[in-house]
1. Report, ordered by the first and then the second residue, all pairs with beta carbons closer than 8 Å, sequence separation of six or more or different chains, a first member in the stretch 311-330 that is farther than 14 Å from Val412 by Cα, and a second member that is assigned to a helix (DSSP H, G or I) and polar (S, T, N, Q).
2. What single numbered condition from (1) within 27 Å of Asp172 (Cα to Cα); (2) in a helix (DSSP H, G or I) fails to hold for Arg116?
3. Determine, yes or no, whether Ser239 is among the small types (Gly, Ala, Ser) and within 28 Å of Glu162 (Cα to Cα).
4. Output the residue which, of all residues in the stretch 54-95 that are hydrophobic (A, V, I, L, M, F, W, C) and closer than 25 Å to Lys341 by Cβ, is nearest to the chain's Cα centre (by Cα).
5. So which residues in the stretch 217-261 are under 21 Å from Asp177 (Cβ atoms) and in contact with a Gly (Cβ under 7 Å, 6 or more places away or on another chain), if there are any at all?
6. If a residue counts only when it is closer than 19 Å to Ala405 by Cα, which helices (runs of 4 or more DSSP H) contained entirely in the stretch 265-369 have at least 1 such residues?
7. Just to be sure before I move on: is Val372 part of a strand (DSSP E or B), within 22 Å of the chain's Cα centre (by Cα) and surrounded by 15 or more Cβ atoms within 10 Å (Cβ to Cβ) in the structure I sent?
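The values are calculated or read from the model by the stated rules, or taken from the named source; none is laboratory data. Nothing here was measured: the structure is a model prediction, and the numbers come from that model. In this analysis, Cβ positions are derived from the backbone assuming ideal geometry, glycine residues included, and neighbour counts consider all displayed protein chains.
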Amino acid sequence: MKVKNICCIGAGYVGGPTMTMIAAKCPHIKVTVVDINEKRIAAWNDPEVNNIPIYEPGLSDLVGQTRGNNLFFSTDVKAAIQAADMIFISVNTPTKTYGVGKGMAADLKYIELCARQIAEVATSDKIIVEKSTLPVRTAEAIRSILDHTGNGVQFDILSNPEFLAEGTAVSDLLHPDRVLIGGEQTENGKRAQKALVDVYSNWVPKERILTTNVWSSELSKLTANAFLAQRVSSINALSELCEVTEADVTEVARAIGTDTRIGAKFLKASVGFGGSCFQKDILNLVYIAQSYGLQEVADYWEQVIIMNDHQKRRFAKKIVKTLFHTVSGKKIALLGWAFKKDTNDTRESAAIYVADYLLNEQAAITVYDPKVTAEQIYSDLNYLGTRTDEENRRLLQVVTDPLQAVDQAHAVAVLTEWDEFLDYDWKKIHEHMLKPAFLFDGRMLLDQEMLQTIGFKTYTIGKG
């Protein structure tokens, strides 16, 4: 089967960039990204491409090159489904906040809604591609819905998990370590796999396109994120030990990272990992293990989350302790709100939890982030339910000028590793702050000796 028309349901951080790259590399394929969120689609269609809803270096340029040629963004979901040969499902799969599995299992209601809508609309054969991160054997549920409520057409289901790192999504899509395609091991399933392999082969070397059965593909995505998060929690656990023993976690990481059996990646200590995947996928893995009675396996992976939560709390506690055991009424400037640099994604960002802790201690918080909007910041705090929206807006101020953020502040906390922070005039910042001026580097970003020479009282994660 030769794919000529692709539909992607979901115009978020995965669907938008992935479909843009496919459109850019496959000019012979019409790609339509659909979403019921009219505001989001309007932003993707904004004549000024720099206003698209997702910030990723290089993404707006690609959208500008392809949009209106063979890349389209629409709210007409039914028409896109009907026209498509291949349908990517790239909707949100958040952690359940209700019922069985609350706080751990993935909420698959949006996946099911997509499957039911495809079944209702489709009148020709379709290849369905799971692009969202899903629990093992979700394809089985999708298959059941399609086979029992469909219109007698042939549906082939593939698993094609994304392995993007936000902030480098365009580069990751252009030069992926691997593309994983799981399919049913039947004649039709293998034919569907080949159709998707042929799409990616337009720019990805064939040796980097791996084919497996559906279940292996689904589980591989969860375990990849779990292994990466485990490394972050491991080095963060050592960062606390380094601080009390006067070791330097940077030197420890370099020493163990040169061991080829270990490697150097994901060994940078920080205030904690965030993002849409790590915590959600590990909790999902824990729930799956528990559901099969594998409690020791579940306990092992849950400890990764426990360590990450501890790292965020202890960073916030360090601020309170250092500021003479009280931050009540003291202005604290938070530099960075996104969970990492080069993205405007804030999901599970450490900054949210550090801010919440400090607000509970009655601190006056001012936030500056070069890409995150004030409304997103307030939305993140409101989601925790600790305070009302009115209280959050009264206690926390969002500014668009870093100097305004630090003016008359008792302390500055670096919570996102934005490159621009490296270029700041830290001497000028010190002059604007109350003395003693404290700086807490939660990303090991800044030159501690330089800051101390200026006059800052500094604390950097993992340094004694």
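1. Gln311/Ser233; Gln311/Asn236; Gln311/Ser239
2. Result: Arg116 fails condition (1) only.
3. Details: among the small types (Gly, Ala, Ser): yes; within 28 Å of Glu162 (Cα to Cα): no.
Considered against the rule, which asks whether it is among the small types (Gly, Ala, Ser) and within 28 Å of Glu162 (Cα to Cα), Ser239 comes out as no.
4. Only one residue tops the list, namely Ile54.
5. Ser217, Glu218, Gly257 - these are the residues of the stretch 217-261 that are under 21 Å from Asp177 (Cβ atoms) and in contact with a Gly (Cβ under 7 Å, 6 or more places away or on another chain).
6. Output list reads 295-322, 350-360.
7. On the way: part of a strand (DSSP E or B): no; within 22 Å of the chain's Cα centre (by Cα): yes; surrounded by 15 or more Cβ atoms within 10 Å (Cβ to Cβ): yes.
Considered against the rule, which asks whether it is part of a strand (DSSP E or B), within 22 Å of the chain's Cα centre (by Cα) and surrounded by 15 or more Cβ atoms within 10 Å (Cβ to Cβ), Val372 comes out as no.
Every residue, every condition in (1) within 19 Å of Asp441 (Cα to Cα); (2) touching an Asp or Glu at 6+ places or on another chain (Cβ under 9 Å); (3) small (Gly, Ala, Ser), yes or no:
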site: Gly274; (1), (2), (3): yes, yes, yes
site: Lys280; (1), (2), (3): no, yes, no
site: Val286; (1), (2), (3): no, yes, no
site: Val297; (1), (2), (3): no, no, no
site: Tyr300; (1), (2), (3): no, no, no
site: Val304; (1), (2), (3): no, no, no
site: Asp309; (1), (2), (3): yes, no, no
site: Phe315; (1), (2), (3): yes, no, no
site: Leu358; (1), (2), (3): yes, no, no
